[in-house]
């Protein structure tokens with residue numbers, strides 16, 4: 001840290017990082033994308049909790065700009081009247097991650113929010129570089145608005161998915177879908193293509209998400225820094241819906257998340273900012289390896305539920 005004080009690390013986070021950093025073998029960014037995707041799936045099976053009981057889970061394919069987009073629908077009530085629906089975009093640097101890696105979290109969100117959650121399996125780089133991911137997310141969100149009985153959309157995602165949450169919200173602010181976006185919940189989002197942040201220097205090694213890993217993601221994704229979907233921090237935020245933005249205190253992306261929350265507040269967007277102290281990037285998918293992550297998830301979703309309730313009152 002800049003003042004020489006070591007950052008607070010939760011005991012369960014310290015234990016998880018010690019285990020993770022002791023693993024032998026190649027790092028994710030030393031693998032081809034297909035093998036890195038398998039590594040992320042394997043980590044999820046090891047470090048996340050099981051999906052748990054939920055009344056309804058359905059896989060579907062919907063039309064997208066370059067072929068069908070797989071989605072997964074979660075609902076803890078088999079029958080419900082139309083209300084808000086969450087659309088979720090998974091993390092993984094736009095290169096890894098899928099419906100399976102975020103399956104437990106999406107089920108938990110559906111249970112705690114008591115609303116349908118629809119996870120989007122957008123195209124991944126490098127096979128499909130920028131802007132394939134945001135184009136798929138926009139198309140899937142418009143499809144949900146048109147085809148799922150709902151009164152409003154809640155957009156959410158983690159990391160790269162947090163970027164896609166903000167990007168989709170900006171697109172739909174300017175070209176609305178058939179249902180309004182009533183709230184967004186970006187989770188430790190990437191909001192710029194540059195890494196000149198103190199948190200990046202402080203936590204770029206040994207905290208799960210690494211500086212070399214970020215470079216690997218960026219090289220594959222090949223985003224255009226001049227496009228608002230790649231670097232929303234450089235574009236106006238006025239008119240975005242009520243936002244719950246969360247970060248983790250030991251995350252290289254922490255400072256850009258803080259900066260974007262400040263930008264939202266300055267733009268007059270109703271904004272709640274929450275930082276999970278003493279934990280790392282990726283915690284929403286690590287609730288087995290880091291048991292305290294369950295409390296962070298519940299805290300986030302409790303706040304989000306209140307924001308949605310206020311937006312629909």
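Between region 59-78 and region 109-132, what's the alpha-carbon centroid distance in Å? Each part's Cα centre sits 9 Å from the other's. Here the relative contact order of the chain, from alpha carbon pairs under 8 Å that lie six or more residues apart, stands at 20 percent. For the chain, modelled as a GNM whose springs connect Cα atoms under 10 angstrom apart, the maximal fluctuation among 280, 265, 233 occurs at 265. When the Cα atoms of the chain are aligned to their principal axes, the ranges along those axes come out at 51, 41, 37 Å in descending order.
By its C-alpha gyration tensor, with a ≥ b ≥ c as the square roots of the eigenvalues, how is region 160-313 shaped: rounded for a/c under 1.5, else prolate for a/b larger than b/c, else oblate? Verdict is oblate for region 160-313.
Placing one equal scatterer on every Cα of region 64-178 and applying the Debye formula, the log10 ratio I(q)/I(0) at q = 0.16, 0.17, 0.22, 0.23 Å⁻¹ is -0.67, -0.76, -1.27, -1.38. Here the alpha carbons of region 37-110 define both size measures, Rg and Dmax, at 13.5, 40 Å. Ordering of 24-34, 206-216 by packing is 206-216, 24-34, highest average first (other Cβ atoms within 10 Å, averaged per residue). The packing ranking of peptides 89-98, 284-293, 190-199, highest mean first, is 89-98, 284-293, 190-199, where packing means the average number of other beta carbon atoms within 10 angstrom of each residue. For region 1-23 versus region 146-198, the spacing of their alpha-carbon centroids is 30 Å.
Read-outs throughout are calculated quantities, based only on the coordinates presented, and are distinct from any laboratory measurement. Since the structure is predicted, the reported quantities are computational estimates derived from the model, not experimental observations. For neighbour counting, all protein chains shown are included, and Cβ atoms are generated from backbone atoms with ideal geometry for every residue, glycine included.
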